[in-house]
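The values are calculated or read from the model by the stated rules, or taken from the named source; none is laboratory data. Worth saying up front: this structure is predicted, and the values here are computed from it rather than measured. No Cβ is skipped: glycine too gets one built from the backbone with ideal geometry, and neighbour counts run over all protein chains shown.
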Amino acid sequence: MSSDKDHIRIFDTTLRDGEQSPGASMNLEEKVAIAKLLEEMGVDIIEAGFPIASNGDFEAVQHIARTVKTSVVAGLARAAQRDIDRAAEALRDAERPRIHTFISTSPLHMKHKLQMEPTEVLDAITDSVSRARNYTDDVEWSPEDGSRTEPDFLCRAVELAIRAGATTINIPDTVGYATPEDYAGIFRMVRERVPGAEDVILSAHTHNDLGLAVANALAAVNAGVRQIECTINGIGERAGNASLEEVVMAVRTRPDAYPYMHKIQTELIMRASRLLASTIGFQVQPNKAIVGANAFAHEAGIHQDGMLKHAGTYEIMTPESVGLVRSTLVMGKHSGRNAFRSKLVELGFDDIGDNAFQDAFQRFKALADHKKDIFDEDIVALVDDQLATANERIKFVSLGVMAGSIGKQSAQIVLEIDGETKWSQTGGSGPVDAIFNAITELVPHQANLQLYQVHAVTGGTDAQAEVTVRLEEDGKSVNGLGADHDTLVASARAYIHALNKLMVKRQKSAPPEVDTQLTA
Ligand code: KIV
Ligand code: ZN
């Protein structure tokens with residue numbers, strides 16, 4: 001029988017620290033969709049954003065606070081009154097609000113980043129935590145760069161935070177410098193030396209600069225930590241954060257090493273991983289633990305032979321336990337609406353509206369005309385693309401391309417812009433360049449292309465292409481996605497998707513209220 005003291009709380013920060021990955025920005029609808037899935041997965045705490053960072057962050061935290069009912073919703077705030085007030089305002093309608101406030105405590109950060117004396121930092125801890133407690137009795141406090149903080153100072157800071165009312169103490173390894181031994185040692189020290197440490201939840205927040213984020217988090221659990229901060233697919237600043245799927249599957253697969261429980265429904269892991277990857281346009285590497293395309297593939301003949309005799313020979317967890325349904329041949333061109341609807345439900349698209357369903361079905365039929373075997377992955381790519389582009393101002397209509405080694409490459413594109421049909425024909429150095437030039441003629445902009453990436457959804461030369469395009473304007477970047485059996489059409493769709501997102505971003509963007517030291 002497990003008790004509360006064995007419960008590891010999963011604190012997901014995909015929407016906050018994860019979103020700080022370059023190019024991983026998400027819009028409001030995307031963030032809400034991810035938050036809903038995190039809640040369904042059983043995530044205990046969802047860190048929804050950093051409300052003072054921008055109006056977009058504020059709105060996202062506010063919407064998620066209004067939508068999510070069972071998970072705690074957290075908003076991040078520096079140790080400043082207006083940060084905390086803004087976080088509290090964004091969380092006002094949350095069923096279970098948490099304010100997460102932090103300040104740097106390492107000598108390097110205090111001197112160079114904050115330019116504050118240690119005593120000033122200690123005062124700021126008391127003030128910020130007390131202020132946050134006026135709004136909610138669920139307050140988390142973090143000493144940024146905690147793992148490089150001088151031990152006596154760290155203990156003093158934690159003690160003050162607890163005295164001021166913090167209920168969770170998170171000690172981040174902000175720069176991914178600690179080893180598992182170092183990191184576990186910090187928590188043992190805090191538990192031994194800090195009065196009141198036994199009455200709060202200790203939390204691990206680890207970065208992956210040395211590839212140790214998950215190992216550090218798990219070492220911390222064995223040293224008394226009962227909250228792990230992590231992200232889907234391990235996204236996050238620089239090399240990322242501890243990956244949620246790796247943490248929870250380690251605990252599930254190795255109860256002998258980690259005799260604790262978590263509440264994550266691991267069968268939803270693949271869905272969350274795919275949703276995030278298609279939203280931000282970062283495919284996970286094929287050999288990524290748990291969610292990589294090869295994580296459950298057995299290539300060597302000797303392994304395949306062993307697998308046929310007994311799956312346990314080479315498989316320490318089942319693909320089903322992470323929600324990986326073996327790729328199945330789903331349908332062909334004779335499949336009807338009902339079969340398509342059931343397939344969508346099976347793939348997790350249960351609440352797709354009627355119009356979106358009709359459009360997705362038409363696209364499925366068109367795909368079936370070109371591709372004999374349609375797999376689950378094809379349907380997921382197609383519907384993701386359909387949902388992402390449903391309400392956009394610029395819509396793809398048609399594309400004709402001259403490519404190859406004879407003659408100049410050119411593209412003719414037809415778009416519907418705010419309901420009006422427009423076309424353009426242009427050349428370029430290569431077909432993709434020509435397509436992007438033709439689109440730019442119809443939608444002039446100054447954004448820079450930062451990434452163009454093509455990914456084959458399945459095997460075979462008739463595979464659908466999933467294209468990611470990243471555009472950057474005024475320091476803000478957006479990712480566009482497009483899927484089609486024709487790589488060039490997928491490229492056009494991805495570029496148009498990115499431009500649509502850029503237009504939304506322009507409308508919404510307001511200058512950040514405070515620009516310095518925002519990165520946590
Ligand atoms: O890495 C870090 O120190 C953080 C804190 C704000 C928790 O993200
Ligand atoms: Zn962090």
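All conditions in (1) closer than 19 Å to residue 251 by Cα; (2) more than 16 Å from ligand 1 (Cβ to nearest atom); (3) among the hydrophobic types (A, V, I, L, M, F, W, C); (4) at pLDDT 95 or above hold for residue 1, with the sole exception of (4). Against the list (1) within 16 Å of ligand 1 (Cβ to nearest atom); (2) in a loop (DSSP other than H, G, I, E, B); (3) among the hydrophobic types (A, V, I, L, M, F, W, C), the condition residue 220 fails is (2).
Taken over the stretch 224-242, the residue count meeting the criterion of being touching a residue at least 40 places away in the same chain (Cβ under 8 Å) and away from ligand 1 (no atom under 15 Å from the Cβ) is 3. Of all positions in the stretch 24-46, at least one carries a residue that is modelled with pLDDT of 95 or more, among the hydrophobic types (A, V, I, L, M, F, W, C) and within 16 Å of ligand 1 (Cβ to nearest atom).
Pairs are defined by a Cβ separation below 9 Å, a sequence spacing of at least 6 or placement on different chains, a first member in the stretch 61-72 that is basic (Lys, Arg), and a second member that is outside any strand (DSSP E or B); the pairs so defined are 66/93; 66/94; 69/39; 69/95; 69/96. Within the stretch 194-210, the set of residues being within 16 Å of ligand 2 (Cβ to nearest atom) and either closer than 16 Å to residue 4 by Cα or assigned to a loop (DSSP other than H, G, I, E, B) (or both) comprises 203, 208, 209, 210. Scanning the stretch 9-23 for residues that are surrounded by fewer than 24 Cβ atoms within 10 Å (Cβ to Cβ), part of a loop (DSSP other than H, G, I, E, B) and within 16 Å of ligand 2 (Cβ to nearest atom) returns 21, 22. Here residue 469 qualifies as of a type outside the set (Gly, Ala, Ser), in contact (Cβ under 8 Å) with a residue 24 or more places away in the chain and either in a strand (DSSP E or B) or within 29 Å of residue 274 (Cβ to Cβ) (or both). Out of 398, 424, one residue alone is without any contact (Cβ under 8 Å) to a residue 60 or more places away in the chain, loosely packed, with under 15 Cβ neighbours inside 10 Å and more than 30 Å from the chain's Cα centre (by Cα). It is 398. The residue of the stretch 86-117 that is nearest to residue 153 (Cα to Cα), among those that are touching a Lys or Arg at 6+ places or on another chain (Cβ under 9 Å) and assigned to a strand (DSSP E or B), is 104.
On the given criteria, is residue 106 more than 26 Å from residue 46 (Cα to Cα) and buried (at least 19 other Cβ atoms within 10 Å of the Cβ)? In short, yes. Evaluated against (1) over 30 Å from residue 495 (Cβ atoms); (2) crowded, with 22+ Cβ neighbours inside 10 Å; (3) away from ligand 2 (no atom under 16 Å from the Cβ); (4) not polar (S, T, N, Q), residue 189 falls short on exactly one condition, (2).
Only one of the numbered conditions (1) under 22 Å from the mean Cα position of the chain (by Cα); (2) more than 27 Å from residue 373 (Cα to Cα); (3) buried (at least 24 other Cβ atoms within 10 Å of the Cβ) is not met by residue 438, and that is (1). Within the stretch 239-259, if we keep just the residues that are in contact with a Ser or Thr (Cβ under 8 Å, 6 or more places away or on another chain) and under 19 Å from residue 177 (Cβ atoms), the residue that is farthest from ligand 2 (Cβ to nearest atom) turns out to be 243.
Checked against (1) surrounded by 18 or more Cβ atoms within 10 Å (Cβ to Cβ); (2) modelled with pLDDT of 95 or more, residue 485 meets all criteria but (2). Restricting 206, 179, 149, 168 to residues that are touching a residue at least 24 places away in the same chain (Cβ under 8 Å), more than 16 Å from ligand 1 (Cβ to nearest atom) and assigned by TED's automatic domain parsing to the domain that holds residue 134 narrows the list to 179. Listed conditions (1) buried (at least 22 other Cβ atoms within 10 Å of the Cβ); (2) more than 24 Å from residue 246 (Cβ to Cβ); (3) without any contact (Cβ under 8 Å) to a residue 40 or more places away in the chain are all met by residue 120, apart from (1).
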